[in-house]
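The structure appears below as structure tokens.
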Amino acid sequence: MPATTETPGHIPVSEWPNLEALAVGYDEHLMSACGRLTGQTLTLVFPKAPRVAHRFLNDHTLEWEVLSTNQRGHAEYQAFEVRPNIFFVDLYKPDYEEQVTLVLNQTTGQAVVALSGFHTVNGTKRTYTTFSDAALDGMDGARPFELTEDLIGKHILYRYTSRDAYEHVYLNQGTFTWHCLTGTEKGLADTEPCKMLKLREKLYLLFWSEKVMPVESVVVVDLEQMRSTGRFFCWDPKPAKLVQMRFGSYATVLAETDATRVVQSKTSHL
């Protein structure tokens with residue numbers, strides 16, 4: 001008989017793999033990057049911040065400029081057209097140690113910017129992400145993408161590689177649980193704070209920040225095409241280095257529940 005102090009299936013944090021090992025092969029199911037933005041200049045208008053222009057010089061390099069200050073720089077990027085005229089654009093600014101992800105709808109003018117960087121918490125280097133709503137210049141009346149409850153209650157399997165598969169359970173608008181079924185992190189699980197925005201019907205922006213490992217995840221989940229497209233921005237404390245990866249997955253909805261409705265039902269028995 002196992003000792004009562006044992007917890008079968010639980011893997012202590014000290015035994016978790018480093019993030020550099022995790023990153024291998026995660027682009028296996030990533031959709032092909034597109035060059036449709038090449039030659040375009042997209043200027044983002046923020047409610048309480050300067051306008052920022054993005055000039056797509058070719059299919060992998062852009063120039064960004066804060067128009068009110070002339071602060072500018074170049075960055076390598078990749079753009080993915082997750083739906084017609086809806087783009088997931090991911091770039092890294094090495095001079096600032098910032099990963100910036102733009103989600104743009106060129107039809108409606110809607111945009112949101114996720115900026116991830118580093119800060120120190122209790123003497124430890126951690127990651128953080130801020131979100132800013134924006135609109136494409138000239139697209140009057142564009143409204144911010146709205147928060148959504150559509151994912152709540154869904155149990156979804158994501159296959160990132162032929163080796164790595166995870167299940168997600170979305171508990172409420174700000175909390176979800178992940179569990180690695182196969183792959184480098186097999187057996188690991190945690191519950192994290194998250195953010196969910198609706199981009200279009202069955203198309204969502206999902207963000208989460210991990211508590212144990214310093215990881216910032218920004219993902220577009222498409223439950224029409226049953227795939228996801230995203231990026232991780234991480235600080236790996238074991239080798240003490242930045243780890244970045246873009247990834248894609250194939251998704252399967254395993255179950256959908258409405259626990260709130262059951263609890264509120266007159267016929268429920270607790």
Between S265 and T120, what length in nm is gained on full extension when 0.36 nm per residue of separation is reduced by their alpha carbon distance? 47.5 nm
Keeping all protein chains in position, work out how much accessible area M31 exposes to a 1.4 Å probe, and write it in Å² to the nearest 10. 30
Given springs between every Cα pair under 10 Å in a Gaussian network model of the chain, which of V24, V113, V169 has the largest fluctuation? V24
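Quick one: length gained pulling E98 to N58 fully straight, 0.36 nm per residue minus the C-alpha distance? The partial results should precede the final answer.
Numbers: separation 40, 0.36 × 40 = 14.40 nm, distance 2.11 nm.
Net length gain for the segment: 12.3 nm.
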Where does each of D190, D164 land when they are ordered by accessible area, with a 1.4 Å probe and the largest first? D190, D164
Accessible area of the chain with a 1.4 Å probe: how many percent of it is carbon plus sulfur? 51
Ranked by GNM mean-square fluctuation in the chain (Cα springs under 10 Å), the top entry among G117, G35, G138 is G138
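What order do I156, I11 take when sorted by accessible area (1.4 Å probe), most exposed first? Don't jump to the answer; show the numbers that get you there.
Working: I156 0, I11 50 Å².
Ranking I156, I11 by accessible area, largest first, yields I11, I156.
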So, with points 7 Å from each Cα along the Cβ direction, the D190-K202 label distance in nm works out to 3.2
Exposure ranking of S162, S217, S209 by accessible area [1.4 Å probe, largest first]: S162, S209, S217
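Can you work out the accessible area per residue across the chain, with the rest of the protein chains kept in place, probe 1.4 Å, in square angstrom?
With all protein chains present, the chain gives 50 Å² per residue.
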R0 = 22 Å: FRET efficiency of T130 with Q244, Cβ-based, nearest 0.05? 0.80
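Given a cut-off of 25 Å, name the pairs among K125/K198; K48/K125; K93/K241 whose C-alpha atoms lie farther apart than that in the structure shown. Present the calculation step by step, with values, prior to reporting the outcome.
Numbers: K125/K198 32 Å; K48/K125 29 Å; K93/K241 16 Å.
Result: K125/K198; K48/K125 exceed 25 Å.
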What is the spin-label model distance, in nm, from R72 to A49 if the labels are put 7 Å beyond Cα along the C-beta direction? 2.0
Full extension between M31 and T107 adds, at 0.36 nm per residue less the Cα distance, a length in nm of 25.2 nm
For the chain, what is the largest minus smallest coordinate of the Cα atoms on each principal axis, given in angstrom and ordered from greatest to least? 69, 51, 37
What value, in deg cm²/dmol to 500, does the helix sum -39500 (n - 2.57) over DSSP H runs of n ≥ 4 give at 222 nm once divided by the residues of the chain? -500 deg cm²/dmol
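The values are calculated or read from the model by the stated rules, or taken from the named source; none is laboratory data. Keep in mind it's a predicted model, so treat the numbers as computed, not measured. Note that we place each Cβ from the backbone using ideal geometry, even for glycine, and neighbour counts take in every protein chain shown. Quick note on the areas: whole protein, heavy atoms, side chains included, nothing else; ligands and nucleic acids left out. Shrake-Rupley method; radii C 1.70, N 1.55, O 1.52, S 1.80 Å.
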